[in-house]
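*Asks:* The structure is given below, and queries will be raised subsequently.
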Amino acid sequence: MDVRMTGAAADRRQAVRPWRFLAGLLRARRRPLLTALAWSLVEAAPALLAGLLVATAVDRGFLAGRPGVGMAWLGLLGVTMVVRSLATRLMFPHLAAVVEPMRDELVRAVAGAAVRRAADGGEAPDAAALSRLTGQVETMRKLVSMMLRTSRELGMSVIAALVGLLVLSPVAAAVAAGPLVLALAAFARLMPALTARQRALVLAEERLTAQATPIVAGLRDVAACGARDQATDTLRALVSAQAAAARALARAGAGRRVAVLLGAHAPLVGLLVLARPLIEGGRLSAGEVVGAVTYLFTGLEPALRTILDTLGGWGVGLAATTRRIAETISVPGPVAPDTPDTPAAVPTGHELRAERLTFAYAARATPVVRDLDLTIGEGGHLAVVGPSGVGKSTLALLMTGLLRPTGGRVRLGGRPLASIPGTLVRSRIALVPQEAYVFAGTVRENLAYLWPPGDSPDDERLRASVAAVGAGPLVERLGGIGGEIEEPSALSAGERQLVALARVHASPADVLILDEAGCHLDPAAELRAELALAARPGTLVVIAHRISSAARARQVLLMDGTTVLTGTHPELIDRSPLYADLVGRWHDDGTR
């Protein structure tokens, strides 16, 4: 499944047809699906033969004064039940071979699509992707499993019951056919309303996840800004909308009961009412009446009731969920191939500039960054300092393009960052977060991670970067450049940071942004790594964990939550009481 999403493809998402999308998933697993269907035919044997065997047992056995013969025919019906149980047991592994790989493919597709859109900068990070990845994919897996298991078995049962009824008595089949057709027609008219209301419920759940997640994650900021009532009202409105959608779906679902009453119960009542005149007129025998009732009562009625409930409940849920997942990961038609970077999209140099840059985590929230104008020239060295929670890490994400600003813009080399292809941005700007990422693999693979595929650095460059940031003893302990990192969690937080710092030192990036990337190192180790990165060609931006990083920088940006100041370290000591206080606390305890 191709899960790439282009701008044109995003505009065509509404054209996605859920059943076609689901059919494509199932088509890839035809063999186990056909095998399960074959066992379903065996499972349908009791539904096909029940009425015929009961009618024969009554007419040729019990009514003919031969109870032993009647019991023998009923015993044959018991044998078909045993065969059905065996077929069901043999069918389940093939059903699992359809459902479980489909779930794995959907998880990869949803996660890949969300990461790709965020990384390419084409869309804002999708907060609702968590709902799709955890809730909707699992819901789809369960619903597909239930639908295949139930509809397969019961669909065969309905067909078998109707065929058996027709073979037993065309008159009885005619009595049942009329109400059944009316019930199916009524249910077909009800399905669009059920599907629309189920979709409304799915979207309401997505909105709840997407908008509640940043509110819950930012409870400290909500309390600090006095926005508790506003956050409560927002969450209450979202929950109320979800509840209203659920109630609307439940009301529409009541129509299923009418269809079941018409299609399953009316034929049974009609046959019982007409039984006496049909028997007296020689159109039916007593055994045929009992056999027809057996088909209707044990075959058609429960199967039809369950099928309508299944389609009206699970089927509607599956259609809505499948459509929503398909809209976000599937493209109806060929996907346009990636085009090479054009000269107009390539930045000239790597000057980083913020122009009236603004960002808020919600529409009515106080901006974390407001109207920031900042220029970091090529080869610049900037330190960003300020109390915890004032938006320093948010600024780092904005400057890398991982967050889209709500106002203003960021330029790289004169070009708006949002207009530069994501792959090019990632090759020019590297971010090292506080929690360093190290994966299972060789040391070489970890250190060369930021290089584009097919363009890896040589080992000498990697060794030079390792030595420069002070990671030499760690790499030697791991077995050298070719050594294996089998359990990244076995490394300490500081060791993982050393790997990440060596990785970014060896990268081809022109702009390095360190977001407290040495916070788990001791001051001497952090000093060595930071000096090595500052000596490297290119621009260095340090979100400072220790104020000593600001003393080493050529330019300092001070954030205090409402305003920003820029200047050199000595200038800010004179101009800003907050900055002087931060410097004083560093000298007092040596930890800031």
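The values are calculated or read from the model by the stated rules, or taken from the named source; none is laboratory data. Computed from a predicted model, the values in this text were never measured in an experiment. We place every Cβ from the backbone using ideal geometry, glycine too, and count neighbours over all the protein chains shown. Note: accessible area is taken over every heavy atom of the protein model, side chains too, but ligands, DNA and RNA are not part of it. Shrake-Rupley method; radii C 1.70, N 1.55, O 1.52, S 1.80 Å.
*Asks:* Considering each of Ser465, Ser456 in turn, give the residue that is closer than 25 Å to Leu424 by Cα, in a helix (DSSP H, G or I) and of a type outside the set (Val, Ile, Thr). It would help to see each step written out before you state the result.
*Replies:* Values: Ser456 fails: in a helix (DSSP H, G or I).
Ser465 is the lone residue from the list that is closer than 25 Å to Leu424 by Cα, in a helix (DSSP H, G or I) and of a type outside the set (Val, Ile, Thr).
*Asks:* Take the residues in the range 63-92 that are open to solvent by 80 Å² or more (accessible area, probe 1.4 Å) and either basic (Lys, Arg) or modelled with pLDDT under 80 (or both), then tell me which one is nearest to Ala23 (Cα to Cα).
*Replies:* The residue in question is Phe92.
*Asks:* Follow-up. Which ones in the range 402-431 are under 26 Å from the mean Cα position of the chain (by Cα) and more than 17 Å from Gly349 (Cα to Cα)?
*Replies:* Result: Leu402, Leu403, Arg404, Pro405, Thr406, Leu431.
*Asks:* Please go through the range 467-486 and give me each residue that is aliphatic (A, V, I, L, M) and in contact (Cβ under 8 Å) with a residue 24 or more places away in the chain, ordered by number.
*Replies:* Ala468, Val469, Ala471, Leu474, Val475, Leu478, Ile481, Ile485
*Asks:* Filter the range 426-444 for residues that are in contact with a strand residue (DSSP E or B) (Cβ under 7 Å, 6 or more places away or on another chain), farther than 20 Å from Ile543 by Cα and modelled with pLDDT under 90; which is most open to solvent (accessible area, probe 1.4 Å)? Step through it out loud before you land on a result.
*Replies:* First pass over the range 426-444, keeping only residues in contact with a strand residue (DSSP E or B) (Cβ under 7 Å, 6 or more places away or on another chain): 428-434, 438, 440-443.
With the extra rule that they be farther than 20 Å from Ile543 by Cα, the set shrinks to 438, 440-443.
When the remaining residues are screened for being modelled with pLDDT under 90, the result is 438, 440-441.
Working: Val438: 14, Ala440: 66, Gly441: 10 Å².
Step by step, filter the range 426-444, then rank; the result is Ala440.
*Asks:* Let me ask something additional. Could you list, in sequence order, the residues of the range 408-424 that are at pLDDT below 90 and open to solvent by 20 Å² or more (accessible area, probe 1.4 Å)?
*Replies:* Gly414, Arg415, Pro416, Ala418, Ser419, Pro421, Thr423, Leu424
*Asks:* Note down all Cβ pairs under 6 Å where the first residue falls in the range 535-553 and is under 21 Å from Glu378 (Cβ atoms) and among the hydrophobic types (A, V, I, L, M, F, W, C), the second is open to solvent by 30 Å² or more (accessible area, probe 1.4 Å) and assigned to a loop (DSSP other than H, G, I, E, B), and they're at least six residues apart or on different chains.
*Replies:* So the pair list comes out as Ile543/Glu516.
*Asks:* Can you list residue pairs whose Cβ atoms sit under 8 Å apart, with the first residue in the range 487-509 being within 21 Å of Asp459 (Cβ to Cβ) and modelled with pLDDT of 90 or more and the second being among the polar types (S, T, N, Q) and open to solvent by less than 30 Å² (accessible area, probe 1.4 Å)? Count only pairs 6 or more apart in sequence or on different chains.
*Replies:* Val499/Asn446; Ala502/Ser465; Arg503/Asn446; Arg503/Ser465; His505/Ser465; Ala506/Ser465
*Asks:* Please go through the range 445-481 and give me each residue that is at pLDDT 90 or above, exposed (fewer than 14 other Cβ atoms within 10 Å of the Cβ) and of a type outside the set (Asp, Glu), ordered by number.
*Replies:* Pro473, Arg477, Gly479
*Asks:* So in the range 254-283, with the set limited to residues that are open to solvent by 60 Å² or more (accessible area, probe 1.4 Å), basic (Lys, Arg) and assigned to a helix (DSSP H, G or I), which one is farthest from Arg189 (Cα to Cα)?
*Replies:* Across the range 254-283, the extreme among qualifying residues is Arg276.
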